[in-house]
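Working notes for the structure below.
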Amino acid sequence: MKSLKLQIFRVTPRLIIRPLVLEDHENWRQAYSSLRPALNEWDESPWDDKELTLQKFKQLLKMQRDRRIKDSYYEFGIFRKDDGVLVGSVNLMDVSRGIFQNAYLGYRVFNNFWGQGYAQEACKAAKTIAFKDLKLHRLEAAISPENKKSIQVAKALGFHKEGLSRKRLLVNRKWRDMLIYALTK
C-alpha cells in the first residue's frame with residue numbers, strides 16, 4: 001500500500017497533478033524565482049537563489065516522501081500539460097485516520113498564474129485523490145473570510161460552509177479567523 005501512495009497522480013484537461021521528482025528541480029527553481037511580489041498576506045514573493053539550490057530541492061523531496069510514507073501529508077505539484085510548467089501546488093494535509101478519516105485541502109497557485117482556473121481544476125483532482133486513492137471520508141478547507149476566490153473554489157467543488165473558527169491559524173505573528181468548509185465522500 002505504501003508504494004502505491006508514492007505514485008499517486010491525476011491528469012485533468014489542462015493539468016498534471018503529481019509529486020515532485022528530482023528532474024523537476026529546474027522547473028521548481030524557475031517557478032519560485034519568477035514570482036511577482038506578494039499580492040496579499042498569503043502570497044509569496046520571489047525566493048532568493050540560495051533557497052533554490054539542488055541540495056535544498058533534494059531536502060524538500062525527502063521531506064515530502066517521508067510524509068507520504070507516514071500517510072500524514074501529500075503535496076502535489078500542479079503542472080501545465082501543454083508545456084510542463086509548474087504553476088503551483090495542491091496539498092492534502094494533516095491526514096487523520098482511525099474514526100476521523102479526514103484531511104485538510106490546501107493549494108497555492110503562483111501569483112503569475114492567477115485567474116486562469118488552475119486552482120479549481122487542481123483542487124478537483126486532489127478531491128479525487130483524497131476520496132478514491134487515499135480512501136478518506138472527509139475533506140476540510142480553512143479559508144480566510146476575505147479570500148473570496150478560494151470561497152468560490154470551495155463552493156464550486158461542492159464544499160459546504162460549516163462555520164467560523166476563531167483565531168485558528170497563526171499568520172504573520174497574528175491569529176486569524178478562518179471559515180471552515182467541508183465535504184464528505
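The values are calculated or read from the model by the stated rules, or taken from the named source; none is laboratory data. These numbers come from a predicted model, not from an experiment. All Cβ positions, even for glycine, are placed from backbone atoms using ideal geometry, and neighbour counts span all protein chains on display.
For this structure, a couple of remarks:
- Total residues in the stretch 15-41, condition surrounded by 16 or more Cβ atoms within 10 Å (Cβ to Cβ) and assigned to a loop (DSSP other than H, G, I, E, B): 3
- Neighbours by Cβ (under 9 Å, 6+ apart or cross-chain): first from the stretch 1-19, under 17 Å from Tyr73 (Cβ atoms); second modelled with pLDDT under 90: Arg18/Gln7; Pro19/Leu6; Pro19/Gln7
- Between Asp66, Asp71, Asp94, the distinction of being among the acidic types (Asp, Glu) and touching a Phe, Trp or Tyr at 6+ places or on another chain (Cβ under 7 Å) belongs to Asp94 only.
- Residue among Ile129, Ile180 that is β-branched (Val, Ile, Thr) and more than 22 Å from Ile78 (Cβ to Cβ): Ile180
- Lys127 satisfies every condition listed in (1) among the charged types (D, E, K, R); (2) farther than 12 Å from Leu183 by Cβ; (3) surrounded by 13 or more Cβ atoms within 10 Å (Cβ to Cβ) except (2).
- Those residues of the stretch 64-83 which are surrounded by fewer than 15 Cβ atoms within 10 Å (Cβ to Cβ) and closer than 21 Å to Ser34 by Cβ, in sequence order: Lys81, Asp82, Asp83
To keep it simple, each residue is scored yes or no on (1) touching a Pro at 6+ places or on another chain (Cβ under 6 Å); (2) of a type in the set (A, V, I, L, M); (3) surrounded by 12 or more Cβ atoms within 10 Å (Cβ to Cβ); (4) within 17 Å of Arg108 (Cα to Cα).
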position	(1), (2), (3), (4)
Ala141	no, yes, yes, yes
Glu146	no, no, yes, yes
Leu157	no, yes, yes, yes
Lys161	no, no, yes, no
Leu170	no, yes, no, no
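- Enumeration of residues in the stretch 129-185 that are under 24 Å from Ile17 (Cβ atoms), in contact with a strand residue (DSSP E or B) (Cβ under 6 Å, 6 or more places away or on another chain) and among the basic types (Lys, Arg): Arg138
- In the stretch 30-45, the count of residues that are of a type outside the set (Phe, Trp, Tyr), farther than 29 Å from Ser144 by Cα and free of Cβ contacts under 8 Å to residues at least 40 places away in the same chain is zero.
- Scanning the stretch 161-185 for residues that are of a type in the set (Phe, Trp, Tyr) and either in contact (Cβ under 8 Å) with a residue 40 or more places away in the chain or not in a strand (DSSP E or B) (or both) returns a single hit, Tyr181.
- Close pairs (9 angstrom Cβ cut-off, 6 or more residues apart or separate chains): within 17 Å of Gln30 (Cα to Cα) in the stretch 51-72, part of a helix (DSSP H, G or I) and hydroxyl-bearing (Ser, Thr, Tyr) anywhere: Glu51/Tyr32; Leu52/Tyr32; Leu52/Ser33
- Scanning the stretch 107-119 for residues that are surrounded by fewer than 20 Cβ atoms within 10 Å (Cβ to Cβ) and out of contact with any Ser or Thr (no Cβ under 8 Å at 6 or more places or on another chain), we see that the one that is nearest to Pro13 (Cα to Cα) is Gly117.
- Considering the conditions (1) more than 15 Å from Leu15 (Cβ to Cβ); (2) β-branched (Val, Ile, Thr); (3) in contact with a Leu (Cβ under 7 Å, 6 or more places away or on another chain), Ile78 is excluded by exactly one of them, (1).
- Matching option when the condition is surrounded by 14 or more Cβ atoms within 10 Å (Cβ to Cβ), aliphatic (A, V, I, L, M) and within 12 Å of the chain's Cα centre (by Cα), among Leu52, Leu86, Leu92, Leu61: Leu92
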